[in-house]
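Peer 1: Handing you this structure, nothing more for now.
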Amino acid sequence: MTQTVFTFKLVYTCIIHQYLFDPQLTMREFIESATQQFAQDAHLDYPIEVVESGYGETAIALTPSNISLYEYAYGRNVAFYIRRIIEVEACIVCNIPNATRVRYYECNHANLCMDCHTRCLRANNRTCPTCRSI
């Protein structure tokens, strides 16, 4: 099987790189290889993760698994975002440790759990609680 070209864009920038990958790689191998190559080529000195484009730059990151890249992307023209991993101990509103947090704001803070974000939206509060970005 021939190699396939995939495009990667660093979120909120114009930095774009394309790489060839063997479709028989597992998603675990693909994510590891893509993050290493992109970090090196873009001179990034912080941990990064991969997100499939089409779901927004704040979507949930790809999960390493043993399915092949071919199975994951079969019949689709897939591109990816690269973004910085931001570690937060707990939701800053409810303080639940290890709650699933999602990046909802352009600032890229991952500080709210999904429940608290939903409550904030219902209260018409649409700004990041850390920096007040929209």
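Peer 1: Residues Ala39, Ala34, Ala61: which one is modelled with pLDDT of 95 or more and closer than 24 Å to Tyr105 by Cα? Spell out the reasoning first.
Peer 2: Values: Ala34 fails: closer than 24 Å to Tyr105 by Cα; Ala61 fails: modelled with pLDDT of 95 or more.
So the residue among Ala39, Ala34, Ala61 that is modelled with pLDDT of 95 or more and closer than 24 Å to Tyr105 by Cα is Ala39.
Peer 1: Testing Glu71 on (1) within 15 Å of Tyr12 (Cα to Cα); (2) modelled with pLDDT of 95 or more, one condition comes back false. Which one is that?
Peer 2: Result: Glu71 fails condition (1) only.
Peer 1: Between residues in the stretch 78-94 that are under 21 Å from Leu62 (Cα atoms) and small (Gly, Ala, Ser) and residues that are modelled with pLDDT of 85 or more and assigned to a strand (DSSP E or B), which pairs lie under 8 Å by C-beta distance while being six or more apart or on different chains?
Peer 2: These pairs meet every condition: Ala79/Phe6; Ala79/Thr7; Ala79/Phe8; Ala79/Lys9; Ala79/Glu52.
Peer 1: Kindly evaluate Cys116 against the criterion of being at pLDDT 85 or above, part of a loop (DSSP other than H, G, I, E, B) and farther than 21 Å from Thr7 by Cβ. Steps first, please.
Peer 2: Numbers: at pLDDT 85 or above: yes; part of a loop (DSSP other than H, G, I, E, B): no; farther than 21 Å from Thr7 by Cβ: yes.
Spelling it out, it is not the case that Cys116 is at pLDDT 85 or above, part of a loop (DSSP other than H, G, I, E, B) and farther than 21 Å from Thr7 by Cβ.
Peer 1: Restricting attention to the stretch 42-84, which residues are within 16 Å of Val5 (Cα to Cα) and acidic (Asp, Glu)?
Peer 2: Glu52, Glu71 - these are the residues of the stretch 42-84 that are within 16 Å of Val5 (Cα to Cα) and acidic (Asp, Glu).
Peer 1: Do the conditions hold for Ile92, that is, is it farther than 20 Å from Ile15 by Cα, assigned by TED's automatic domain parsing to the domain that holds Tyr19 and modelled with pLDDT under 85? Quick ask: steps written out before the conclusion?
Peer 2: Values: farther than 20 Å from Ile15 by Cα: yes; assigned by TED's automatic domain parsing to the domain that holds Tyr19: no; modelled with pLDDT under 85: yes.
No, not satisfied.
Peer 1: Out of the residues in the stretch 119-132 meeting the condition of being in contact (Cβ under 8 Å) with a residue 12 or more places away in the chain and assigned to a loop (DSSP other than H, G, I, E, B), tell me which one is nearest to the chain's Cα centre (by Cα).
Peer 2: My answer is Cys128.
Peer 1: Another question, if that's okay. Just to be sure, is Glu89 of a type in the set (Asp, Glu) and either buried (at least 16 other Cβ atoms within 10 Å of the Cβ) or in contact with a Gly (Cβ under 8 Å, 6 or more places away or on another chain) (or both)?
Peer 2: Working: of a type in the set (Asp, Glu): yes; either buried (at least 16 other Cβ atoms within 10 Å of the Cβ) or in contact with a Gly (Cβ under 8 Å, 6 or more places away or on another chain) (or both): no.
No, not satisfied.
The values are calculated or read from the model by the stated rules, or taken from the named source; none is laboratory data. For clarity, every value in this text was computed on a predicted model and none was experimentally measured. So basically every Cβ, Gly included, is an ideal-geometry build from the backbone, and we count neighbours across all protein chains shown.
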